[in-house]
1. Considering only residues of region 33-51 that are of a type in the set (Gly, Ala, Ser) and part of a helix (DSSP H, G or I), which is surrounded by the fewest Cβ atoms within 10 Å (Cβ to Cβ)?
2. Residue check: is ILE91 of a type in the set (Val, Ile, Thr) and open to solvent by 30 Å² or more (accessible area, probe 1.4 Å)?
3. Consider ASP74 carefully, then state whether it is open to solvent by less than 40 Å² (accessible area, probe 1.4 Å), over 19 Å from ARG136 (Cα atoms) and among the acidic types (Asp, Glu).
4. Of the residues ALA164, ALA126, ALA97, only one is closer than 30 Å to PHE17 by Cβ and either at pLDDT 60 or above or under 21 Å from the mean Cα position of the chain (by Cα) (or both); which?
5. Determine whether region 29-38 contains at least one residue that is in contact (Cβ under 8 Å) with a residue 60 or more places away in the chain and closer than 29 Å to PHE139 by Cβ.
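The values are calculated or read from the model by the stated rules, or taken from the named source; none is laboratory data. Bear in mind the structure is a predicted one, so any value in this text is a computation, not a measurement. All Cβ positions, even for glycine, are placed from backbone atoms using ideal geometry, and neighbour counts span all protein chains on display. All accessible areas refer to the heavy atoms of the entire protein, side chains included, with ligands and DNA or RNA removed. Shrake-Rupley method; radii C 1.70, N 1.55, O 1.52, S 1.80 Å.
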Amino acid sequence: MAERTQYEELIRQFSAFGAVKRELGRILPSDCPSGSAAVLTLLGRYGDMRMSKLAELLAVDMSVTSRHVAHLADRGWIDRSPDPADKRSRIVHLTPAGLARLEELSERTTQLLAERLADWSDEEVAQLTRLMTRLRASFDDCRPAPPRLPPPAVALEPTTRTPAST
């Protein structure tokens, strides 16, 4: 297990990573903020899905997801249609315009990363990707583990002794 000082340095690096996220956010078009870009990215990666699944993947409240979806639908980048299995639910999917916007966002992001990491080797980029994937997986299920039950009592072997009389 890593030492406390290593975890403290990791915390400092996480804080500093905000600068990377801000720069990535600055390259987004003004009509496509980061939350909207995240919705487009998830729909591009996983395909059509219910609003509830989208909220789960975004790790935000359903009201926040609804605002992002409304913003994207107003621009014609996604469509919402009734879920055939449950008419109260909506299925969200990319439109051709949304797919084009997603490709543009991907190009912008890829270009920025290629510029900033130009002096990194392919192996270093791959290693960073592997480690970030592993880190994210370590946080995927943040629910507390169920309480452990005490081990079963050890069964005593029956004896042939007669209890003492009182």
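1. Among those that are of a type in the set (Gly, Ala, Ser) and part of a helix (DSSP H, G or I), it is SER34.
2. yes
3. On the way: open to solvent by less than 40 Å² (accessible area, probe 1.4 Å): no; over 19 Å from ARG136 (Cα atoms): yes; among the acidic types (Asp, Glu): yes.
Criteria not met by ASP74.
4. Values: ALA164 fails: closer than 30 Å to PHE17 by Cβ; ALA97 fails: closer than 30 Å to PHE17 by Cβ.
ALA126 is the lone residue from the list that is closer than 30 Å to PHE17 by Cβ and either at pLDDT 60 or above or under 21 Å from the mean Cα position of the chain (by Cα) (or both).
5. yes
Yes/no per residue for (1) assigned to a loop (DSSP other than H, G, I, E, B); (2) touching a Ser or Thr at 6+ places or on another chain (Cβ under 7 Å):
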{"residue": "VAL60", "(1), (2)": "yes, no"}
{"residue": "SER63", "(1), (2)": "no, no"}
{"residue": "ALA70", "(1), (2)": "no, no"}
{"residue": "GLY76", "(1), (2)": "yes, yes"}
{"residue": "ASP79", "(1), (2)": "no, yes"}
{"residue": "ARG88", "(1), (2)": "no, no"}
{"residue": "ILE91", "(1), (2)": "no, yes"}
